[in-house]
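Heads up, the thing below is written out as C-alpha cells.
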Amino acid sequence: MALGILFAIAFLGFLSCKSGDDDKDRGRAGGRDAFEAERSRMVDEQIFRRGVKDVRVLAAMRKVPRHEFVPESYRKYAYADEPLPIGEGQTISQPYIVALMTETLSIGKDSRVLEVGTGSGYQAAVLAEIAEEVYSIEIVEPLAERAEETLKRLGYRNVHVRVGDGYRGWPEKAPFDAIIVTAAPDHIPQPLIDQLKVGGRLSIPVGDVYQELILVTKTDSGIVKKDVLPVRFVPMTGEAEEK
C-alpha cells in the first residue's frame, strides 16, 4: 500500500512538472498557446478571404503570437482585425495590413529585410519567420527596448533592433532585398531607395492624414511605383518631418 501511494505521489509530481513545462511554451512562436484557435480564425477570416495568398505569409501569421506584442489590458482583442495601442502614442497595425505589406515584399528564406518603425516588434516577428535576417529601427527608445525584449523572449535571433531615425535607413547593413516602413512620411525617403538592391521592393505608406500604401520596385533604370490601397498610419517623425 505504501509503495502504491509513493508511486502515485511521484506520478502526480511528474505530471505537475510536465504541466509547468507546457505552460512555459505558451505564447512562444512555434509553441501551442491559448490563442491558437483565435489566431487560425484570424488568418482564415481576416487575411486569406481578403486576398492574401502567399503560403509563407499565411504560415507566419498563424505562428506569431500577436497577443505577446500588445499590452496585457488589450490581449483579449489581439486577434481582432484592428490596430491597438502599444504606448508612447503608437499602435500595432491590424493583422490584415501586416500580412498584406509582407506579401507585397515577395521575400524568401535568403532575404535581408529592413524595417523602419519597430513599434511592438510584431511585424518584425512575421518577417523573421520568412526572411534570413531582419534589421529594424525604432525612433522611440522605450518601444525599441520593449520590442527587443519581447522578440528575444520569443526566440527570434534573426531580428536586430536599434534605436534611431529610420529616415536614413541602416546603410552599414545595406543593400536590402526588401524594405518596409510602418509609419507614414509625406514623401518616399531617397536613402531607403538607395539601400534597396536592384530588384528589391519597398512597401511604404505615403501621405499626411490619409495615405496611400505604395509598392516601389527598384530596377536597373530607376524605380517603378504602384499604388496598393488607401491606409492610415501614424506619421513618420524625425528627419521625415523636416523634409
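Every read-out reported here was derived from the displayed coordinates using simple, explicitly stated rules and does not represent laboratory data. Quantities reported herein were computed from a predicted structural model and do not represent experimental measurements. Every residue, glycine among them, receives a Cβ derived from its backbone with ideal geometry; neighbour counts consider all protein chains shown.
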Trypsin sites (Lys or Arg not before Pro) lying in DSSP loop within the range 154-185, provided at most 14 other Cβ fall within 10 Å: Arg157
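With charges only on Cβ, +1 for K and R and -1 for D and E, what is the dipole size of the range 93-243 about its Cα centre, in debye, rounded to 20?
Rounded to the nearest 20 debye, it is 360 debye.
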Residue of Leu114, Leu229, Leu154 that the Gaussian network model of the chain assigns the largest fluctuation, springs spanning Cα pairs under 10 Å: Leu229
GNM top mover of Asp194, Asp220, Asp54 - the chain, alpha-carbon springs below 10 Å: Asp220
Dipole of the range 31-242 [Lys/Arg +1, Asp/Glu -1 at C-beta], most positive-end residue of Leu114, His67, Val224: His67
Furthest towards positive pole of dipole, Phe233, Ser203, Ala125, structure part the chain, Cβ charges: Ala125
Compactness relative to 2.2 N^0.38 Å, alpha carbon Rg of the chain: 1.14
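Using Cα pairs closer than 8 Å and at least 6 residues apart in sequence, work out the relative contact order for the range 76-191, in percent.
On the way: 195 pairs, mean separation 30.6, N = 116.
Dividing the mean separation by the residue count of the range 76-191 yields 26 percent.
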The chain: DSSP helices with Cα axial extent of at least 27 Å and average Kyte-Doolittle hydropathy no lower than -0.5: 2-25
Contact order normalised by residue count of the range 31-242, Cα under 8 Å, 6+ apart, percent: 15
Karplus (6.51, -1.76, 1.60) ³J(HN,Hα), θ = phi - 60°, over the range 125-140, in Hz, Gly and Pro reported as x: 5, 4, 4, 5, 5, 10, 7, 6, 9, 10, 10, 10, 10, 10, 7, 8
Under-5 Å amide H pairs with Ile92, H placed in peptide plane, nonlocal only: Leu84, Ile86
Highest-fluctuation residue, Asp177, Asp110, Asp81 considered, GNM on the chain with Cα pairs under 10 Å: Asp110
Residue (of Pro171, Ile193, Val52) at the positive-pole extreme of the chain, dipole from beta-carbon charges: Val52
Net +/- balance of residues flanking Val209 in space, Cβ distance below 15 Å, scoring K and R +1, D and E -1: -3
Label-to-label distance, nm, for residues given as Ala59 and Glu88 (7 Å Cα→Cβ offset): 3.2
